[in-house]
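What follows is calculated from the coordinates using simple rules that are stated; it is not laboratory data. Keep in mind the model is a prediction, meaning the values are calculated, not measured. Neighbour counts run over all protein chains shown; Cβ positions are idealised from the backbone, glycine included.
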Amino acid sequence: MSSCEKFLAILYISDMKIAVVILNWNGKSLLERFLPSVMTHSGNEATVYLADNASSDDSIQFVKDNYPEIKIIAMSSNTGYAGGYNTALSGLTDDLFILLNSDVKVTEHWLIPIKEAFLKDQNLGAAQPKLLDLNNPDYFEYAGAAGGFIDAYGFPYCRGRVFESLEKDNGQYDLVTTAFWASGACLCVRRDAFNLVGGFDTDFFAHMEEIDLCWRLHHYGFTIGVIPQSSVYHLGGGTLPNMHAKKTYLNFRNSLFLLAKNVAGFTVYWTIFARMILDGIAAVRFLIQRKPAHFSAVLRAHIDFYRGVSAMRKKGQPYRKSLKYFKVRSLVWQYFIARKRDFGKL
């Protein structure tokens with residue numbers, strides 16, 4: 001590429017306005033640790049926003065004192081990931097939103113491949129970079145690894161992560177490709193697409209709302225991408241630890257919400273019935289493992305699902321259509337019975 005072509009390419013990329021939006025709730029310690037990389041590697045190519053979910057610590061004052069170039073969106077109450085981002089993004093006019101967790105370390109030039117991908121493919125609704133584990137950087141990170149999928153019963157998994165098994169990054173997923181969902185830890189979504197599908201569903205509050213968003217993007221004809229030329233490192237569990245019972249509750253309830261809202265046809269009822277049986281087995285397993293709080297979380301998830309299933313089913317009606325949403329029918333069977341622990345073996 002000649003010098004002139006390189007210059008024109010840079011001008012072309014710069015035409016896309018990027019908003020890096022970090023949702024925060026009482027996360028001053030995370031901001032102290034991770035904002036330096038964000039500002040060093042993003043400040044010249046994007047506008048950085050802090051969307052504060054009514055923190056009671058001095059997160060906002062810390063940012064004002066140390067990073068006056070960051071634009072602050074202060075909200076009056078904590079409405080979770082879904083509600084917080086819906087409010088924060090409603091007033092932004094940037095072309096591309098990058099929703100970045102406050103516990104993510106970004107790398108040099110991480111935005112360039114992302115911008116190039118969205119400029120090249122106007123049908124690309126959302127995407128993610130490669131997510132690696134900050135504490136074990138040779139391995140993929142749980143929350144999104146190298147692109148997400150779900151099985152027929154709503155169990156999510158990733159290229160590089162199946163249930164609790166994390167793969168080492170040996171370059172096996174370095175090709176740009178499509179996935180079913182992109183991780184909310186670093187979710188890149190076109191503003192027009194986000195607004196067209198109505199943003200996040202606030203009934204999810206937190207966890208799996210990004211899968212629901214991506215599912216709706218598929219319904220509207222958009223694709224979901226993985227851009228592994230861009231890498232970020234995720235700490236994970238910065239706001240809610242992985243073994244917290246509330247996370248168990250949200251994951252089990254929201255998996256059922258996903259199916260009820262997005263699966264078309266009568267088969268959804270059989271699918272949900274089968275999933276609830278699998279959930280019951282998981283609940284018994286929690287008891288055997290002496291985790292009564294997680295057992296109770298599964299029960300509460302099912303009770304609240306029963307309360308909300310009719311509204312959720314009705315909510316999806318305007319756009320829901322038949323869609324082959326899974327590549328693997330039963331992840332439980334593949335993982336626990338067939339003993340396939342790597343994505344490439346599924």
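The table for this structure:
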read-out	value
Linear extension gain, residue 321 paired with residue 138, 0.36 nm per residue minus alpha-carbon span	61.9 nm
Angle in degrees between helix 292-316 and the longest Cα principal axis of the chain, rounded to the nearest 10	80 degrees
Whole-Å semi-axes of the stretch 245-345's equivalent ellipsoid (Cα gyration tensor)	24, 20, 10
Over 28 Å between alpha carbons, listed pairs 130/247; 315/340; 105/314	315/340; 105/314
Pairwise label distance in nanometres, residue 192 with residue 119, each label 7 Å out on the Cα-Cβ vector	1.6 nm
Lysines whose Cα lies under 20 Å from that of residue 321, excluding same-chain neighbours fewer than 8 positions away	261
Inter-probe distance in nm under a simple model that places probes 7 Å from Cα toward Cβ, at residue 40 and residue 337	5.0 nm
Span from the the stretch 260-317 Cα centroid across to the the stretch 179-235 one, whole angstrom	22 Å
Size-normalised alpha-carbon gyration radius of the stretch 111-206, reference 2.2 N^0.38 Å	1.13
Size of charge dipole - the stretch 245-345 - debye, nearest 20, with Cβ of Lys, Arg +1 and Asp, Glu -1, no other charges	260 debye
Volume in Å³ per residue [convex hull over Cα atoms, computed for the stretch 102-149]	100 Å³
Under 5 Å, built H, 5+ apart or other chain: amide partners of residue 139	133, 169
All-pairs alpha carbon distance profile, the stretch 25-164, 5 Å steps from 0, percent	2, 8, 16, 19, 20, 18, 11, 5, 1, 0
Bridge type composition, the chain - antiparallel percent by DSSP, nearest 5	50 percent
The stretch 89-123 residues near the modelled residue 176 label - backbone nitrogen below 14 Å, point 7 Å along Cα→Cβ	111-123
Contact order normalised by residue count of the chain, Cα under 8 Å, 6+ apart, percent	18 percent
Ordering of 109-118, 205-214 by burial proxy (mean other Cβ atoms within 10 Å per residue, highest first)	205-214, 109-118
Proximal lysines relative to residue 246, as straight alpha-carbon distance under 20 Å, when same-chain residues fewer than 8 apart are discounted	291
The stretch 245-345: relative contact order in percent, alpha carbon pairs under 8 Å with at least 6 residues between	39 percent
Relative contact order of the stretch 160-282, defined on C-alpha pairs under 8 angstrom at six or more residues apart (%)	26 percent
Those residues of the stretch 137-161 whose amide nitrogen sits under 12 Å from the label point placed on residue 282, 7 Å along Cα→Cβ	151, 153-157
Those trypsin sites (Lys or Arg not before Pro) in the stretch 226-323 that DSSP places in a loop and that have at most 13 other beta carbons within 10 Å	290, 321
Anchor residue 28: aspartates and glutamates whose Cα lies under 20 Å away (excluding residues fewer than 8 positions away in-chain)	52, 57, 58, 65, 69, 103
Pairwise FRET efficiency - residue 69 versus residue 291, Cβ, R0 = 51 Å, nearest 0.05	0.70
Net charge of neighbours whose Cβ lies under 10 Å from the Cβ of residue 137, counting Lys and Arg as +1 and Asp and Glu as -1	-3
